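Q: There's a structure below that I have some questions on.
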Amino acid sequence: MKPEKIDASAIRDADILIVRTRTKVNELLLKGSNVQLVCTATIGYDHIDTAYCESHGIRWMSCPGCNAQAVCDYIEEAITEFQISNPKSQISNTPTIGVVGVGHVGSKVAAMAERKGMKVLLNDPPKGMGVSLDKIGRISDIITFHVPLKNSLAEYPTYHLCDEAFLAKCKPGALIINAARGGVVDEEALLRSGHPFILDTWEGEPDINPAVLNGAFRASMHIAGYSVEGKRNASQMCLNAIAEQFSLPKIDLSAYPYLGPSAAPKNGEPWLDAISRSLKAQPESFEALRKDYPLREG
């Protein structure tokens, strides 16, 4: 069922609701339904009104870490393409990378960067680890965000964590990457800052700011985590939660082949560049391009 078709009437008799980020799961959707369990086959869950679910006895779950390796591969490709295109920048030799958010994805990104000989700075206040965000800005040649989206009422808010004030403190020429959630970065401030940037997630997506899109070194349509293995992991985690909730036998998805479209990038092929050019040529097709994206192998 397409996300726009998932409404209160469609799910009224459902016991289980399985969604992705495009479906807003809130009182408007759930009130009067039989839903006992909401599963989102994604890492993020800011599209779920968790307070409403919990206050009405509806269990909810997300899939942390399901596509962490795919996002890490995306970040590695993004940095590589920038280095190749800017051989004389400070990022081309042994850059310092600031990783903001050191969860499932951020920890993999940090390990990848260390393997490639980069100096790694970590920032994760909820875990009580790493250096300050100010130091990340002042020292880093690359800054990549891997935090959930949390509003100003949260203990550790992340909405516009990368804002005008932060960008003003950043090292000139520092590359900014956001493959976390739209809204973590203030896009208009980023565009004004003059910093090179790469965005996979956007404020207001799928209706993205054309000026920000055209100003990006690379741009993609929220597909950093799209891989065959990532999708399988998320599906398996959802099935496990359903089996536990309803005392059903567990299904092992490894016994079933993946039959959808997939594509393994060719060695040396700048695959993010191809995605970026396609999106910039037809930004109005953000959702269609995302839906038809052939999952990366691995």
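Q: Hey, among Ser262, Ser193, Ser220, Ser285, which residue is in contact with a Ser or Thr (Cβ under 9 Å, 6 or more places away or on another chain) and closer than 30 Å to Asp141 by Cβ?
A: When all the criteria are applied, what remains is Ser220.
Q: Name the pairs: first residue in segment 35-50 and under 11 Å from Lys24 (Cα atoms) and open to solvent by less than 20 Å² (accessible area, probe 1.4 Å), second residue assigned to a loop (DSSP other than H, G, I, E, B) and among the β-branched types (Val, Ile, Thr), Cβ to Cβ under 8 Å, at least 6 apart or on different chains?
A: From segment 35-50, the pairs are Thr40/Thr21; His47/Thr21; His47/Thr23.
Q: Considering only segment 203-231, state which residues are among the charged types (D, E, K, R), at pLDDT below 95 and open to solvent by 50 Å² or more (accessible area, probe 1.4 Å).
A: Glu229, Lys231 - these are the residues of segment 203-231 that are among the charged types (D, E, K, R), at pLDDT below 95 and open to solvent by 50 Å² or more (accessible area, probe 1.4 Å).
Q: Just one of (1) within 22 Å of Pro210 (Cα to Cα); (2) open to solvent by 80 Å² or more (accessible area, probe 1.4 Å) trips up Pro261, so point out which.
A: Single failed check for Pro261: (1).
Q: Looking at this structure, is Ala14 within 14 Å of the chain's Cα centre (by Cα), open to solvent by less than 70 Å² (accessible area, probe 1.4 Å) and touching a residue at least 12 places away in the same chain (Cβ under 8 Å)? Walk me through it before giving the result.
A: Numbers: within 14 Å of the chain's Cα centre (by Cα): no; open to solvent by less than 70 Å² (accessible area, probe 1.4 Å): yes; touching a residue at least 12 places away in the same chain (Cβ under 8 Å): yes.
No; evaluated as a whole, the condition is false for this residue.
Q: Tell me the residue from Asp200, Asp273, Asp186 that is touching a Ser or Thr at 6+ places or on another chain (Cβ under 6 Å), modelled with pLDDT of 95 or more and not hydrophobic (A, V, I, L, M, F, W, C), please. Don't jump to the end; show me each part of the working.
A: On the way: Asp273 fails: touching a Ser or Thr at 6+ places or on another chain (Cβ under 6 Å); Asp186 fails: touching a Ser or Thr at 6+ places or on another chain (Cβ under 6 Å).
Step by step, each of Asp200, Asp273, Asp186 is checked, and only Asp200 is touching a Ser or Thr at 6+ places or on another chain (Cβ under 6 Å), modelled with pLDDT of 95 or more and not hydrophobic (A, V, I, L, M, F, W, C).
Q: Further question: How do the pairs read when you match residues in segment 246-264 that are closer than 17 Å to Tyr226 by Cα with residues anywhere that are of a type in the set (S, T, N, Q) and open to solvent by less than 80 Å² (accessible area, probe 1.4 Å), using Cβ under 8 Å and keeping only pairs 6 or more apart or on different chains?
A: Within 8 Å, no pair qualifies.
Q: Taking into account only those residues within segment 122-142 that are of a type in the set (S, T, N, Q) and in a loop (DSSP other than H, G, I, E, B), which is farthest from His47 (Cα to Cα)?
A: Taking the candidates together, the pick is Ser140.
For every residue, the table says whether it meets (1) open to solvent by less than 50 Å² (accessible area, probe 1.4 Å); (2) of a type outside the set (Asp, Glu); (3) part of a loop (DSSP other than H, G, I, E, B); (4) farther than 26 Å from Pro64 by Cβ.
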position: Thr144; (1), (2), (3), (4): yes, yes, no, no
position: Lys150; (1), (2), (3), (4): no, yes, yes, no
position: Pro157; (1), (2), (3), (4): no, yes, yes, no
position: Ile176; (1), (2), (3), (4): yes, yes, no, no
position: Ala180; (1), (2), (3), (4): yes, yes, yes, no
position: Gly183; (1), (2), (3), (4): yes, yes, yes, no
position: His195; (1), (2), (3), (4): yes, yes, yes, yes
position: Thr201; (1), (2), (3), (4): yes, yes, yes, no
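Q: Quickly run through segment 207-239 and pick out the residues that are of a type outside the set (Gly, Ala, Ser), within 15 Å of Ser278 (Cα to Cα) and outside any helix (DSSP H, G or I).
A: Ile208, Phe217, Arg218, Met221, His222, Ile223 - these are the residues of segment 207-239 that are of a type outside the set (Gly, Ala, Ser), within 15 Å of Ser278 (Cα to Cα) and outside any helix (DSSP H, G or I).
Q: Something else about it: Report every pair of residues separated by at least 6 positions or lying on different chains whose Cβ atoms are under 7 Å apart, first residue within segment 90-116 and farther than 20 Å from Gly137 by Cβ, second among the acidic types (Asp, Glu).
A: Met112/Glu76
Q: Just a yes or no: is a residue in segment 87-94 in contact with a helix residue (DSSP H, G or I) (Cβ under 9 Å, 6 or more places away or on another chain) and modelled with pLDDT of 95 or more?
A: no
Q: Next up: Looking only at segment 77-121, count how many residues are assigned to a helix (DSSP H, G or I) and either open to solvent by 60 Å² or more (accessible area, probe 1.4 Å) or β-branched (Val, Ile, Thr) (or both).
A: Final tally of qualifying residues: 10.
Q: Of these, Glu269, Glu284, which one is assigned to a helix (DSSP H, G or I) and surrounded by fewer than 14 Cβ atoms within 10 Å (Cβ to Cβ)?
A: Numbers: Glu269 fails: assigned to a helix (DSSP H, G or I).
Testing whether each residue is assigned to a helix (DSSP H, G or I) and surrounded by fewer than 14 Cβ atoms within 10 Å (Cβ to Cβ) leaves just Glu284.
Q: Now, a different point. Can you tell me which condition Leu289 does not meet? The list is (1) open to solvent by less than 40 Å² (accessible area, probe 1.4 Å); (2) of a type outside the set (Phe, Trp, Tyr); (3) within 24 Å of His146 (Cα to Cα); (4) part of a loop (DSSP other than H, G, I, E, B), and all the others hold.
A: (4)
Q: Another one. Please find, within segment 19-74, the residue that is farthest from Phe246 (Cα to Cα) out of those that are in a helix (DSSP H, G or I) and acidic (Asp, Glu).
A: Ranking the candidates gives Asp73 first.
Q: Still on this model: Quickly run through segment 51-76 and pick out the residues that are in contact (Cβ under 8 Å) with a residue 60 or more places away in the chain, within 21 Å of Val99 (Cβ to Cβ) and surrounded by fewer than 19 Cβ atoms within 10 Å (Cβ to Cβ).
A: Answer for segment 51-76, where residues must be in contact (Cβ under 8 Å) with a residue 60 or more places away in the chain, within 21 Å of Val99 (Cβ to Cβ) and surrounded by fewer than 19 Cβ atoms within 10 Å (Cβ to Cβ): just Gly65.
The values are calculated or read from the model by the stated rules, or taken from the named source; none is laboratory data. The structure displayed is predicted, hence computed values, not measured ones. Virtual Cβ from ideal backbone geometry, glycine too; neighbours counted across all protein chains shown. In case anyone asks, the SASA skips ligands and DNA or RNA and just uses the protein heavy atoms, side chains included. Shrake-Rupley method; radii C 1.70, N 1.55, O 1.52, S 1.80 Å.
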